[in-house]
Amino acid sequence: MRIRKALVVINPAKSDSKGIAKDLREILDREQIEQTWIETVEGRPGRHDDLRRHKADLALVCGGDGTLLQAAHRLKGSGIPLLGINIGYLGFMTALGTKGLKAQIRQVLRGGFQVSERMALDVSVLTGRREMRGWALNDVLIARGANPHLISVSGRIGTKPLTQYRCDALLVATPTGSTAYTLSAGGPIISPECEVLVITPICPQALTSRSVVVGRERVVEMELDDNSGSGEVQADGIKLCGIKKKQRVVIRASEITVPLAFLPEVDFFDSLVHKLRWHGRGVPTPRYFRA
């Protein structure tokens, strides 16, 4: 499908943003693409402009993974594919770099891209009479926050007890989020087409506490124990609410997915090899990333 209307979301705090904006505007104007330009905002996306009122065939998101996460929240449920242009650091979710950008953008505008539907998470926190709800593309975090002590969390998969975690924090991530905070915490890398949830403790007291992977049909429940200090719940790094002992956090696969756009010649494993700098006999640099 040829792109006729584009939404451009750009992070002005990135050092290359002005140059990228100039090049991108030049290409879009030449291709006669109707454009709406939006700058990212600081703080919680839910408190800022909802972008779903903008009708577009494609959202071009210029920044890093954080910029793309913000765009995903502000376009949640719109069905507009998001294509990331990486002017950040690793950029696992972004599709394009700055090298050869003009030719790649022309390819994209003429329909030369594919869409990967990414699983997301719904989270609800049951705090007495109130229920706080959130949504995450990467992960949900139960952390100790300002509490100086470890949190103690009882985990369940549905009605089945899992274990009691004593740790700094507990992550429940999607396959997309498996290359984010979960990866730093020692969790597994999950191919994005897998529809699973990954539960990973951060700095657990017990060495037997390890990542657990469950199917998307499973519901993950966490509850702070009587002997736990207070904590907080975050969705994609955004604080949702505080949490106290005996309060439950319920996490499940969301019905709302996120359509991420990529060039067809580059797949997930090319990005892993390049961005994690994997090397060795028989592991060449993917053609697309060569200088």
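Can you give me the long-range amide H partners of Gly229? Hydrogens built in the peptide plane at 1.01 Å from N, cutoff under 5 Å, separation of 5 or more residues or another chain.
Ser152
Could you work out how much longer the chain between Ser191 and Arg210 gets when fully extended? Use 0.36 nm per residue separation minus the Cα distance between them, nm to one decimal.
4.9 nm
Would you kindly state how much longer the chain becomes between Lys99 and Glu31 on full extension, computed as 0.36 nm times their sequence separation minus their alpha carbon distance, in nm to one decimal?
Here the answer is 22.5 nm.
Which residue fluctuates most in the GNM of the chain (Cα springs below 10 Å): Asp168, Asp139, Asp226?
Maximum among the listed residues: Asp226.
Nearest-5 percent of antiparallel DSSP beta bridges in the chain?
Roughly 75 percent of the DSSP beta bridges within the chain come out antiparallel.
Please report the relative contact order for region 165-291, taking Cα pairs under 8 Å with a sequence separation of at least 6, and give it as a percent rounded to a whole number.
17 percent
Sorting Cys167, Cys62 on the 10 Å Cβ count, fewest up front, what's the list?
Cys167, Cys62
Can you show me the helix-derived [θ] at 222 nm for the chain, built from DSSP H runs with n ≥ 4 at -39,500 (n - 2.57) apiece and divided by the number of residues, rounded to the nearest 500.
Working: 5 runs with 45 residues, N = 291.
Mean residue ellipticity, 222 nm, calculated: -4500 deg cm²/dmol.
Looking at this model, which pairs from Lys160/Lys246; Lys14/Lys239; Lys55/Lys275; Lys160/Lys244 are more than 28 angstrom apart at the alpha-carbon?
Lys55/Lys275
What share of all Cα pairs of region 124-260, in percent, falls into each consecutive 10 Å distance bin?
For region 124-260, the pair-distance distribution reads 13, 48, 34, 5, 0.
If you take the beta carbon distance between Ala21 and Arg248 as r and set R0 to 45 Å, what does 1/(1 + (r/R0)^6) give as a FRET efficiency, to the nearest 0.05? If you can, show how the numbers build up before the last one.
On the way: r = 45 Å, r/R0 = 1.00.
Calculated value: 0.50.
We did not get these values from a lab; they are worked out from the coordinates using the rules stated. All figures in this text were calculated on a predicted structure; none of them were measured in a lab. Every residue, glycine as well, gets a Cβ built from its backbone with ideal geometry; the counts of neighbours run over all protein chains shown.
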